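Here's the structure, in structure tokens; my notes come after.
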Amino acid sequence: MLEGGKTAIAVSLTEETTAAVVSRMVALEPLADIFEVRADFVRDLDQGALLRARKKPILFTCRPESEGGRFPDRDHQARRRLLSEAVSRGFDLVDVEARAGFDDVVASKAGRGLVFSWHDFDGTPEDLDGIYVRLAAPHPDVVKIAVTARSVKDLGRLLAFAARQARGGGPPLVALAMGPLGVASRILGGRHGAPFTFASPAAGREAAPGQLPAAVLAGTYRVRQVSPATRVYGLLGSDVLRSLSPAIQNRAFAERGLDAVYVPLQAESMDAFAEALPDLDLSGFSVTRPYKGAVVRHLESVTPTAAESASANTVVVRDGRLLGLSTDGDGILVPLRKRLDPAGRRVAILGAGGAARAAALALVRSGARVTVLARRAGQAAEVAAAARCDAAPLPAFSSLEWDVLVHATPLGSGAFPGQMAVPLESLRAGAVVFDMVYEPRDTPLLRAARSRGCVTIDGIEMLVAQAVGQFEAWTGADAPVEGMTEAALAAIEESRE
């Protein structure tokens, strides 16, 4: 643990040669607080060379195949000798698995940097407290318990367990839920006094499922600053690990000096998340696909806008009550009103999904004359009926009179590169073209619109406007719009690397 009880970042190194491990330690020295050297990956292990190169504390780990590592299980005694050597050579920390039965190694390192660990790659057992008691018995310096989250409920149970143990006065605990459903556990260790959390050197170099790059833990999530007082917010959805929202919201918290963190909360179902919610101890959360509609029945109250759209993308937790609102409309209206007043304007919306529906509802409320167009005329009619506006088949766009075009399909995104939903000649000089696609920021539609003399609005403006409304609902503070926009763009660039 760092000075002041802060959680350190332990970067797991899985290089296959000693020289490569040393090179990686040199390169990552400014970022890492601890290096976990995974000796089971190293073919020519030279413990002396590692110690001579040490500039930061080293956690020596030699994981067997049965514990998710590479060291052959049949070479049990060889692994015992490696760990004994690591203890005698004076590595700062040595990890020994409870199942290994290396009592002599445990006894020789206890009180001098023993990490006593337990892993479950199948799920999350019920008796976490009992496992901790058994692991604490030989007086290790750190207890590490890593489980596999098969449900968001497992994440909740693990965090509640970590909170109980933090109040109990036993050895410090590193509690991790492996896999996509447990990523938040790698960020929130500081809430429960974890001495360190594990990180990968870079994306694609993970030593365990769900590890985040050290630069992301340090920069985006500021894990060293997470403490028991930190307020936790999150993004609920079925596929949220690539979202830009954590970068945007955490930048806002940092710029406003707020002790808060925003984490991904991937969930397999809305009901499972609702069951886990008390254990997650959240101050609020965003909601994305596919739970914007399903979340409403779990809320104590909703704003009129959220009630009309039968969906909420933002939940504020206040005195244990869940209050729902929607900032999806802000994502359309805030950028658009910087260019024109939508009241009385003719607006064509291309698409008939959830984004198109939110846009139609917001624009109709603002007094715009809206027509929804889609390849599937029936879906366009459904959206139009909900928003009380007009609908038309997509081919009718070429003859439609419009002042504002809102593009709400994935065409032109990374999944459908180079594609446009409308022909170039249908774009009129002086009209406003709003493309909800934000990756890439400069889409084929926006480039074509500028070439025809249109005013353009990109998807980043929409994304940030939605996030601004969420941030202000949670905190009551003015959102740093420029910083949030910079964070979104930086996150897009990082995802391309």
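Within the range 151-170, can one find any residue that is open to solvent by 10 Å² or more (accessible area, probe 1.4 Å) and within 17 Å of residue 59 (Cβ to Cβ)? No - not one qualifying residue is present in the range 151-170.
Quick check: anything in the range 468-489 touching a Pro at 6+ places or on another chain (Cβ under 7 Å) and either assigned to a helix (DSSP H, G or I) or modelled with pLDDT of 95 or more (or both)? No: the range 468-489 contains no residue that is touching a Pro at 6+ places or on another chain (Cβ under 7 Å) and either assigned to a helix (DSSP H, G or I) or modelled with pLDDT of 95 or more (or both). Do we have any residue at all in the range 217-225 that's open to solvent by 40 Å² or more (accessible area, probe 1.4 Å), outside any helix (DSSP H, G or I), over 22 Å from residue 478 (Cβ atoms) and of a type in the set (D, E, K, R)? Within the range 217-225, none of the residues are open to solvent by 40 Å² or more (accessible area, probe 1.4 Å), outside any helix (DSSP H, G or I), over 22 Å from residue 478 (Cβ atoms) and of a type in the set (D, E, K, R). Please go through the range 367-377 and give me each residue that is in a helix (DSSP H, G or I) and open to solvent by less than 50 Å² (accessible area, probe 1.4 Å), ordered by number. Within the range 367-377, none qualify. In the range 326-366, the qualifying residues are those that are charged (D, E, K, R) and assigned to a helix (DSSP H, G or I), and the one that is nearest to residue 468 (Cα to Cα) is 330.
Every condition in (1) touching a residue at least 60 places away in the same chain (Cβ under 8 Å); (2) assigned to a strand (DSSP E or B) is met by residue 323 except one, and the failing one is (1).
Applying the set (1) touching a residue at least 12 places away in the same chain (Cβ under 8 Å); (2) under 22 Å from residue 411 (Cβ atoms) to residue 364 leaves exactly one unmet item: (2).
The helices (runs of 4 or more DSSP H) falling completely within the range 1-104 that include 2 or more residues that are open to solvent by less than 60 Å² (accessible area, probe 1.4 Å) and within 25 Å of residue 134 (Cα to Cα) map to 76-89.
For the range 411-441, the set of residues classified as at pLDDT below 95 and charged (D, E, K, R) consists of 425, 428, 439, 441, listed by residue number. Residues in the range 206-216 that are under 17 Å from the mean Cα position of the chain (by Cα) and open to solvent by 20 Å² or more (accessible area, probe 1.4 Å): 206, 208, 209, 210, 212, 213, 215, 216.
It is to be established whether one or more residues within the range 177-192 are open to solvent by 30 Å² or more (accessible area, probe 1.4 Å), touching a residue at least 12 places away in the same chain (Cβ under 8 Å) and either on the phi > 0 side of the Ramachandran plot or touching a Phe, Trp or Tyr at 6+ places or on another chain (Cβ under 8 Å) (or both). Within the range 177-192 (the criterion being open to solvent by 30 Å² or more (accessible area, probe 1.4 Å), touching a residue at least 12 places away in the same chain (Cβ under 8 Å) and either on the phi > 0 side of the Ramachandran plot or touching a Phe, Trp or Tyr at 6+ places or on another chain (Cβ under 8 Å) (or both)), the answer is no, since none of the residues qualifies.
Here is a yes/no grid of residues against (1) in contact with a Lys or Arg (Cβ under 9 Å, 6 or more places away or on another chain); (2) at pLDDT below 95:
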| residue | (1), (2) |
| --- | --- |
| 5 | no, yes |
| 8 | yes, no |
| 22 | yes, no |
| 29 | yes, no |
| 34 | yes, no |
| 37 | no, no |
| 47 | yes, no |
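Is it the case, given these coordinates, that residue 116 is in a loop (DSSP other than H, G, I, E, B), crowded, with 17+ Cβ neighbours inside 10 Å and either touching a Gly at 6+ places or on another chain (Cβ under 7 Å) or not polar (S, T, N, Q) (or both)? Considered against the rule, which asks whether it is in a loop (DSSP other than H, G, I, E, B), crowded, with 17+ Cβ neighbours inside 10 Å and either touching a Gly at 6+ places or on another chain (Cβ under 7 Å) or not polar (S, T, N, Q) (or both), residue 116 comes out as no.
Residues of the range 438-490 that are open to solvent by less than 20 Å² (accessible area, probe 1.4 Å) and either farther than 25 Å from residue 358 by Cα or among the small types (Gly, Ala, Ser) (or both): 448, 449, 459, 465, 467, 469, 479, 483, 487, 488.
The values are calculated or read from the model by the stated rules, or taken from the named source; none is laboratory data. Note that the structure is a prediction, hence the values are computed from the model and not measured. Glycine also receives a Cβ, built like all others from the backbone with ideal geometry; neighbour counts cover every protein chain displayed. The accessibility values were calculated without ligands, DNA or RNA, using every heavy atom of the protein model including side chains. Shrake-Rupley method; radii C 1.70, N 1.55, O 1.52, S 1.80 Å.
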